[in-house]
2 protein chains.
Amino acid sequence: MDIQKFMRRAIELASENVTKGLGGPFGAVIVRNGEIIGESGNRVTQLNDPTAHAEVSAIRLACERIGSFSLDNCVLFTSCEPCPMCLGAIYRARIPTVYYANDRHDAHRIGFSDQFIYEELEKPMEQRSIRMLQLLPDEARISFDLWEKSTQKIPY
Amino acid sequence: MDIQKFMRRAIELASENVTKGLGGPFGAVIVRNGEIIGESGNRVTQLNDPTAHAEVSAIRLACERIGSFSLDNCVLFTSCEPCPMCLGAIYRARIPTVYYANDRHDAHRIGFSDQFIYEELEKPMEQRSIRMLQLLPDEARISFDLWEKSTQKIPY
């Protein structure tokens, strides 16, 4: 696989995103069998969607294209090291291999603070900047019991 | 705010998701000024979208509804402790307060392994189960330079 070609496409998407005023300087490309099956720049401000990072957007498009929620035979090329949200999405999509170009330190230098969120996720819940409080766990267990007993469920 | 009412709605969405065969036993509700502005069950298998967890889906709907990528005056009610992807999305959406019902250990018991991904994110890159490799960082820096020099950018 010509990995440099695909990374250059991800970088091109990142640069175009800025020059065309579409959003932040990030691009991602998903490749299966040497073919691009999904690609996107960052769409947060354009779509008013804080989850529309380049990686998440490319994953959504690739999954839609192939009609599956699993990309376990794909490679992701991203112009910047994924943030925790995107890295979580990569695990959820079961992508086994990721190539990245800029890293989290480069991103921090231009004002994108992924490092803060990485550190927050590692903290015990009560030390995070977000308030997280448990409520009604006994009632919520019912939904899990329903799942365990369901005969029509689709595991994922 | 009647926090129990909103959590019961999140749990109801989780249970309905199973009984209606829509997906996993997870529901989320986003509230602003005492009003629900976005709610969803998990839609991974229904939409073939591995990022369509209840929290991410509710965030997208709420942002679309109010026309903003920031939910900094909102409260999230989720029937289960968020996974790393969703927690990352919560930080991205700037939601300051999260109520959850089931926790990650409850989820693990019925086969949803968030704990594994939390542990992966804390590992140095080279120790993760996903292969992550840097490629062409010098070329990617161009997209960041463009961002720094751009006069039309919308910070987010």
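Read the figures in this text as sums done on the coordinates, not as results from a lab. A quick note: this is a predicted structure, and the numbers were derived from the prediction, not measured. A quick note on method: Cβ atoms are made from the backbone with ideal geometry, for glycine too, and the neighbour counts reach across all protein chains shown.
Odds and ends about this structure:
- If the condition is being under 21 Å from A:Leu87 (Cβ atoms) and either touching a residue at least 60 places away in the same chain (Cβ under 8 Å) or loosely packed, with under 14 Cβ neighbours inside 10 Å (or both), then the range B:96-114 contributes B:His108, B:Phe112, B:Ser113.
- If only residues of the range B:119-130 that are facing chain A (nearest Cβ under 7 Å) and touching a helix residue (DSSP H, G or I) at 6+ places or on another chain (Cβ under 6 Å) are counted, the one that is nearest to A:Asp49 (Cα to Cα) is B:Leu121.
- Which numbered condition A:Glu148 misses (of (1) closer than 25 Å to B:Thr51 by Cβ; (2) more than 7 Å from chain B (Cβ to nearest Cβ)): (2)
- Filter pass, A:Glu120 being part of a helix (DSSP H, G or I) and without any contact (Cβ under 8 Å) to a residue 24 or more places away in the chain: yes
- In the range A:81-94, of all residues being touching a Ser or Thr at 6+ places or on another chain (Cβ under 9 Å) and more than 7 Å from chain B (Cβ to nearest Cβ), the one that is farthest from A:Tyr156 (Cα to Cα) corresponds to A:Cys86.
- The set of residues from the range A:131-145 being more than 7 Å from chain B (Cβ to nearest Cβ) and under 25 Å from A:Leu121 (Cα atoms) is empty.
- Any hit, the range B:77-92, residues being surrounded by fewer than 24 Cβ atoms within 10 Å (Cβ to Cβ) and free of Cβ contacts under 8 Å to residues at least 24 places away in the same chain: yes
- A:Ser40 meets the conditions (1) of a type outside the set (Val, Ile, Thr); (2) more than 21 Å from B:Gly88 (Cα to Cα); (3) more than 7 Å from every other protein chain (Cβ to nearest Cβ) in every case but one. The failed one is (2).
- Residue in the range B:69-79 that is under 25 Å from A:Ala93 (Cβ atoms), more than 7 Å from chain A (Cβ to nearest Cβ) and out of contact with any Asp or Glu (no Cβ under 6 Å at 6 or more places or on another chain) present: yes
- All conditions in (1) over 17 Å from the mean Cα position of the chain (by Cα); (2) within 21 Å of B:Lys153 (Cα to Cα) hold for A:Ile3, with the sole exception of (2).
- Residues that are among the basic types (Lys, Arg) and in a loop (DSSP other than H, G, I, E, B) were ranked within the range B:123-150; the one that is surrounded by the fewest Cβ atoms within 10 Å (Cβ to Cβ) is B:Lys123.
- For the range B:8-41, residues that are at negative phi, without any contact (Cβ under 8 Å) to a residue 24 or more places away in the chain and surrounded by fewer than 18 Cβ atoms within 10 Å (Cβ to Cβ) total 3.
- Residue tally, condition more than 17 Å from B:Glu12 (Cβ to Cβ) and either more than 8 Å from the chain's Cα centre (by Cα) or without any contact (Cβ under 8 Å) to a residue 12 or more places away in the chain (or both), over the range B:52-66: 7
- Residue count for the range A:134-148, restricted to those that are within 16 Å of B:Gly23 (Cβ to Cβ) and over 29 Å from the mean Cα position of the chain (by Cα): 1
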